[in-house]
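Dropping a structure here in structure tokens format, bear with me for questions.
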Amino acid sequence: MEYEIVIGLETHVQLKTRSKMWCGCVNQFGGEPNTHVCPVCLGFPGVLPVANEEALRLTVLTGMLLNCGLPKRAKFDRKNYFYPDASKNYQITQYDLPSTLKGCVEFESENKTCRVGITRAHLEEDVGKSSHFDRVSGVDFNRAGVPLLEIVSEPEITSVQMASDYLNELKTILIYGGISDCDMEKGMVRCDLNLSTRPVGQKELGKKVEIKNMNSFSGARKALTYEMNRQIKVLRNGGALIQETRRWDDAEGMTHSMRSKEMAHDYRYLPEPDLMPFEPETAWYDSIRESVVELPLARKRRYMKDYGLPPKDTETLVSNPSLAGYFEKAAEHSKKPKAVANLILNNLRACMSESNHSVDDLKIQPTHIHELVQLVDSGKINSRIAQEVFNAVYESGKSPQGIVEEKGLAQVSDSSTIDAFCDEVIKANPKSVEDFQAGKQNALNFLKGQVMRLSKGKANPALVGQVLEKRILNP
Amino acid sequence: MDKSIHAFLSINKQGVLDQAEKADREIAEKGLSADRPLLGIPIAIKDVLAEKGAPLTCGSRLLRDFVSPYDATVVTQLKNAGALTFGRLNMDEFAMGSSTENSSVGPTCNPWDYSRIPGGSSGGSAASVVADECIASLGSDTGGSIRQPASLCGCVGLKPTYGRVSRYGLVAFASSLDQVGCNTKTVSDAATMLGVISGYDKRDSTSVPRSVPEYSAALQSSIKGMKIGLPKEYFVEGMQPEVASSIRQAVEKLEELGAEIVEVSLPHTEYAVACYYIIATAEASTNLARFDGIRYGYRVDGKNPFELYCATRGSGFGEEVKRRIILGTYVLSSGYYDAYYLKAQKVRSLIAGDFTKVFETVDALVTPTSPTTAWKLGEKMDDPLQMYLSDVCTLSSNLAGNCGISIPCGFTDNPTLPIGLQLLGPPFSEETLLKIAGDFEQATDWHCRKPVINNAGA
Ligand SMILES: [Zn+2]
């Protein structure tokens with residue numbers, strides 16, 4: 001029998017706010033343990049939460065980016081469970097009235113356009129981080145109370161690749177919207193997933209198995225692959241699956257059963273009495289709508305259509321929004337957007353990774369890229385010199401035109417000068433001339449190279465080729 | 001001092017002397033000013049309100065060594081008004097109780113009879129004022145915790161409207177019911193205290209952005225022509241006859257003063273106790289979850305977090321607190337939530353609706369504060385239900401979020417024990433209540449009677 005899998009994902013994303021969700025502590029990764037804390041986020045007796053408005057704004061903005069409905073009334077609830085990393089032993093979250101509901105994400109996967117439903121995106125708070133030492137354990141509450149968005153997908157993902165593409169698209173959307181930096185290394189994005197397996201053709205879903213504890217997207221991918229194979233194997237061998245929660249062990253590359261359905265937590269949800277239900281006015285929503293940005297998929301399609309870029313190049317650009325923004329500025333007035341893209345994707349990216357610069361650090365401006373492409377296009381410099389000019393502009397931030405003039409790098413197309421270079425090379429290399437006359441094409445390339453060297457690279461290579469050929473073959 | 005009453009859990013002797021000296025200097029240099037209405041006045045604080053550098057035990061073993069790193073908003077307001085904050089007052093553990101017997105360090109005694117309870121949970125707050133151990137005190141009222149001890153000890157107890165006074169720094173028992181208020185010797189003092197502690201606080205999202213009136217000015221006008229309702233449901237079966245007759249006389253006095261008295265009905269009153277104990281315990285069960293021995297407070301170690309929790313909470317909390325946490329956990333459990341918590345919320349709306357309706361026709365309500373006078377220590381300790389019923393007249397107004405005040409209105413003869421009159425008003429009608437209470441106080445001398453305090457020991 002053939003089996004198919006169905007995957008649903010719960011993605012947790014730390015919001016990019018200055019302060020934490022309920023207090024004024026800084027929302028910042030790292031720091032000595034328990035230094036970004038106060039009575040509120042430590043759950044001291046008597047403190048009260050005050051909702052961070054920027055976090056509420058980013059939640060609604062996410063809803064808009066994910067095509068969600070925005071209920072008029074939202075509220076917070078307490079999710080009760082005891083764990084040392086929870087400073088109040090309840091987490092404030094949104095249970096039955098979340099800020100956003102029912103949306104979707106559109107993305108490309110395996111050469112198809114896919115759409116996955118979003119059940120909800122709701123706001124909650126992050127918890128502290130436990131560490132276990134030789135004989136004791138510790139909890140760092142710097143992360144406790146950081147605003148966290150939980151984005152729940154419908155169980156509509158049908159392959160591991162699709163899950164992976166969904167996650168990447170979601171991440172790019174959130175970076176685009178300025179919702180989160182989505183830095184995986186800093187734990188800003190985490191996901192839980194659920195996977196069920198059923199025979200192909202069966203309508204109802206198989207037993208839902210939830211998997212926790214993946215700390216990277218690649219971990220999620222591995223866990224999904226492992227779990228898919230495990231479930232299919234159980235079914236193939238005539239076994240039955242149970243509804244349960246399993247824990248991914250990254251080192252072992254396996255999932256282990258954590259608890260069955262019967263052992264599931266009873267979170268005893270309760271409306272948060274310390275916070276008023278949230279019923280914003282239309283004007284507030286309107287002001288957020290102004291921050292809605294173009295989604296990556298739309299941008300990709302636009303780049304392909306307007307700039308004629310190949311899919312691979314657009315993907316690379318689109319996945320890096322700041323680079324894409326840089327590209328758009330450079331390509332805005334260019335007749336050769338493809339050449340602009342090439343310079344950015346090849347030269348610029350290489351220089352950036354070598355010097356560890358981000359787009360914001362760059363001395364070379366988008367207009368410089370445009371100008372450089374124009375210089376090549378108009379024949380003012382050749383493409384080899386363009387590399388040299390690029391490097392000089394990258395280092396100095398001076399204009400390409402300025403560099404060309406300063407270093408005398410303009411291409412030499414003047415025929416008498418080129419004639420003179422060619423004559424000199426022909427005279428000095430009789431053997432190669434003979435070889436070329438005998439039909440060896442390589443010999444011409446060698447002679448060409450000699451002329452270029454003589455001209456310090458400035459000679460127009462196309463002209464050089466023509467002149468050499470003419471002089472040797474029709475002396 | 002305080003040996004026979006045991007109203008205080010801790011006193012900051014040096015601190016208060018320093019504060020007093022500063023206040024003296026300020027008075028000598030600048031004189032008294034309207035923006036420092038409590039300058040140099042000693043105010044004691046129920047041990048459930050955070051005061052920086054002071055113990056914050058909530059009458060619990062779990063917080064016996066806990067010192068607050070911050071000030072509650074009301075404490076900041078007191079300090080800004082010039083008050084001397086010098087001592088922490090006894091209470092039922094985490095404000096759960098009606099007799100102060102649930103304090104982990106032993107009960108406070110009623111200043112009128114040391115063998116009797118002072119009421120609760122703010123027993124220390126009322127007893128300290130009556131025993132002249134302070135001028136006024138702060139307390140908290142979740143179901144009557146300020147008003148009932150005021151009634152049983154014989155002083156003024158004011159529970160402001162929910163949202164009138166910031167709860168920031170008040171260790172929560174039941175967040176949607178808790179409100180900070182005061183015990184004072186006179187109605188005029190209550191007006192002054194309320195003026196100091198009222199106001200919107202951005203740290204408390206449930207506080208209401210509404211201007212603070214000049215409460216003391218309300219005392220100037222008369223109650224002539226006011227309509228006061230007498231809710232028939234509040235004259236419960238089992239009410240002590242002396243209480244009933246004192247209230248009757250008080251009502252006659254109000255009539256004499258020019259108020260019109262009409263009988264009214266609050267038909268859902270009989271469900272209030274049940275409704276209250278579901279909502280209050282549900283909220284308490286999550287509010288008290290943070291006391292786990294991990295970050296602060298008392299800890300009994302265990303092999304793993306679960307064992308640590310069990311050992312810490314098992315030995316750190318008292319009987320009544322555990323009873324309420326268990327009850328609250330139960331009513332929130334899946335499968336029971338709808339039948340208990342959700343149902344109770346619906347009943348709560350009905351109870352609030354009763355008040356809204358009644359307040360369309362009357363300015364305020366007059367009721368007994370407590371159906372009985374102070375009972376003997378230990379008398380109701382084995383019967384939690386009897387204890388819960390002692391709050392029958394007060395807890396509805398917490399469910400509705402109204403304001404209320406208790407003032408002395410009589411005494412029993414033998415033994416001499418105070419009786420309290422409760423006035424209830426719609427949200428933000430504190431001025432009306434103060435006006436009625438003030439007029440009544442002017443016309444009677446119940447508030448002038450004082451117990452003889454013998455500090456040689458009970
Ligand atoms: Zn904090």
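Just so it is clear, none of the values below were taken in a lab; they were calculated from the coordinates. Values in this document were obtained by computation on a predicted structure and should not be read as measured data. In this analysis, Cβ positions are derived from the backbone assuming ideal geometry, glycine residues included, and neighbour counts consider all displayed protein chains.
Write out the trypsin sites (Lys or Arg not before Pro) in region A:87-167 meeting two conditions: DSSP loop, and at most 15 other Cβ atoms within 10 Å of their Cβ.
Of the trypsin sites (Lys or Arg not before Pro), the ones in loops of region A:87-167 whose Cβ has at most 15 other Cβ atoms within 10 Å are A:135.
Let me ask something else. Considering Cα pairs under 8 angstrom that are at least six residues apart, work out the relative contact order of chain B and quote it in whole percent.
With pairs under 8 Å counted, the relative contact order is 19 percent.
I've got another one for you. Of the listed pairs B:52/B:79; A:88/B:159; A:186/A:300, which have alpha-carbon separations greater than 19 Å here?
Details: B:52/B:79 11 Å; A:88/B:159 28 Å; A:186/A:300 28 Å.
The answer is A:88/B:159; A:186/A:300.
OK, next. Can you give the FRET efficiency for residue B:35 and residue B:221, using 1/(1 + (r/R0)^6), R0 = 30 Å, r = Cβ-Cβ distance, to the nearest 0.05? Don't jump to the answer; show the numbers that get you there.
On the way: r = 24 Å, r/R0 = 0.80.
Taking R0 as 30 Å, the efficiency between residue B:35 and residue B:221 is 0.80.
So what is the calculated 222 nm ellipticity per residue for the protein assembly as shown, using -39500 (n - 2.57) for each DSSP H run with n of 4 or more, over all residues, to the nearest 500 deg cm²/dmol?
After summing the helix terms and dividing by the residues of the protein assembly as shown, the value is -11000 deg cm²/dmol.
Mean projection of the alpha-carbon convex hull of region A:415-473 over all orientations, in nm²?
Averaging across all directions leaves 3.3 nm² for the Cα convex hull.
So for region B:256-398, if I pair up every lysine 8 or more residues apart or on another chain, how many of those pairs have alpha-carbons under 24 Å apart?
6
Separate question: How far is the Cα center of region B:99-137 from the Cα center of region B:214-293, in Å?
That distance is 21 Å.
In terms of the Cα gyration tensor, with a ≥ b ≥ c the square roots of its eigenvalues, is the protein assembly as shown rounded because a/c is under 1.5, prolate because a/b exceeds b/c, or oblate?
Since a/c reaches 1.5 and a/b is larger than b/c, the shape of the protein assembly as shown is classed as prolate.
Kindly put B:74, B:105, B:196 in sequence by how many other C-beta atoms sit within 10 Å of each C-beta, fewest to most.
B:105, B:196, B:74
Also, I was wondering about something else. Work out from phi, with θ = phi - 60° and the Karplus expression 6.51 cos²θ - 1.76 cosθ + 1.60, the ³J(HN,Hα) of each residue of region B:164-178, listed in order in whole Hz, and give x for Gly and Pro.
6, 10, 5, 9, 5, x, 8, 5, 6, 9, 10, 4, 7, 10, 5
Same structure again: Using DSSP to call loops (not H, G, I, E or B), can you name the chymotrypsin sites (Phe, Trp or Tyr not before Pro) in region A:1-63 whose Cβ has at most 15 other Cβ atoms within 10 angstrom? Working shown, then result.
Working: sites: A:3, A:22, A:29; in loops: A:22, A:29.
Passing both the DSSP loop test and the Cβ count: A:29.
Please turn the phi angles of region B:400-410 into ³J(HN,Hα) values with the Karplus equation 6.51 cos²θ - 1.76 cosθ + 1.60 (θ = phi - 60°), one per residue in order, whole Hz, x for glycine and proline.
So the J values, rounded to whole Hz, are 8, x, 6, 10, x, 9, 10, 10, x, 9, x.
Is there a quick way to get the dipole size of region A:415-473? I mean about its Cα centre, with the Cβ of Lys and Arg at +1 and of Asp and Glu at -1; what is the value in debye to the nearest 20?
Dipole magnitude for region A:415-473 comes out near 180 debye.
If the chain between residue B:303 and residue B:274 were fully stretched, how many nm would it gain, using 0.36 nm times the residue separation less the Cα-Cα distance?
Working: separation 29, 0.36 × 29 = 10.44 nm, distance 3.91 nm.
Gain on stretching residue B:303 to residue B:274: 6.5 nm.
What's the FRET efficiency of residue A:249 with residue B:356 using the Cβ-Cβ distance as r and R₀ = 56 Å, to the nearest 0.05?
0.45
Need the C-alpha centroid separation for region A:1-66 versus region B:341-366, integer Å.
38 Å
Counting other Cβ atoms within 10 Å of each Cβ, which GluC sites (Glu not before Pro) in region A:51-120 have at most 10 and sit in a DSSP loop?
Sparse-neighbourhood loop GluC sites (Glu not before Pro): A:110.
While we're on this one: Counting only residues 5 or more places away or on other chains, whose amide H sits under 5 Å from the amide H of residue A:249 once H atoms are built in the peptide plane?
A:254, A:255, A:256
Need one word for chain B: rounded, prolate or oblate. Basis is the Cα gyration tensor (sqrt eigenvalues a ≥ b ≥ c); a/c below 1.5 gives rounded, then a/b vs b/c decides.
Judged from the Cα gyration tensor, chain B comes out rounded (a/c under 1.5).
Within 10 Å, Cβ to Cβ, of residue B:417, how many net charges do the neighbouring residues add up to if Lys/Arg are +1 and Asp/Glu are -1?
That sum, taken over residues with Cβ under 10 Å, equals -2.
What's the local net charge at residue A:287, with K and R +1, D and E -1, over the other residues with C-beta under 14 Å away? Please report the intermediate quantities before stating the final value.
Numbers: positive: A:57, A:289; negative: A:53, A:54, A:281, A:286, A:290.
Charge balance in the 14 Å sphere: -3.
So, one more: Counting only other chains, what is the mean number of Cβ atoms within 10 angstrom of the Cβ of each residue in peptide A:267-280?
5
Answer rounded, prolate or oblate for region A:296-407, using the Cα gyration tensor with square roots of eigenvalues a ≥ b ≥ c: rounded when a/c is under 1.5, else prolate when a/b is larger than b/c, else oblate.
Judged from the Cα gyration tensor, region A:296-407 comes out oblate (a/c at least 1.5, b/c at or above a/b).
R0 = 30 Å: FRET efficiency of residue A:282 with residue A:102, Cβ-based, nearest 0.05? Walk me through the numbers on the way to the answer.
Values: r = 20 Å, r/R0 = 0.66.
Once rounded, the FRET efficiency stands at 0.90.
Once phi is turned into θ = phi - 60°, what whole-Hz ³J(HN,Hα) does the Karplus curve with 6.51, -1.76 and 1.60 give for every residue of region A:84-98, x standing for Gly and Pro?
So the Karplus estimates, Gly and Pro as x, are x, 7, 9, 6, 10, 6, 8, 10, 7, 9, 10, 9, 9, 10, x Hz.
Further, regarding this structure: Rounded to whole Å, give me the distance from the Cα center of region A:405-462 to that of region A:247-280.
First find each Cα centre; the distance between them is then 73 Å.
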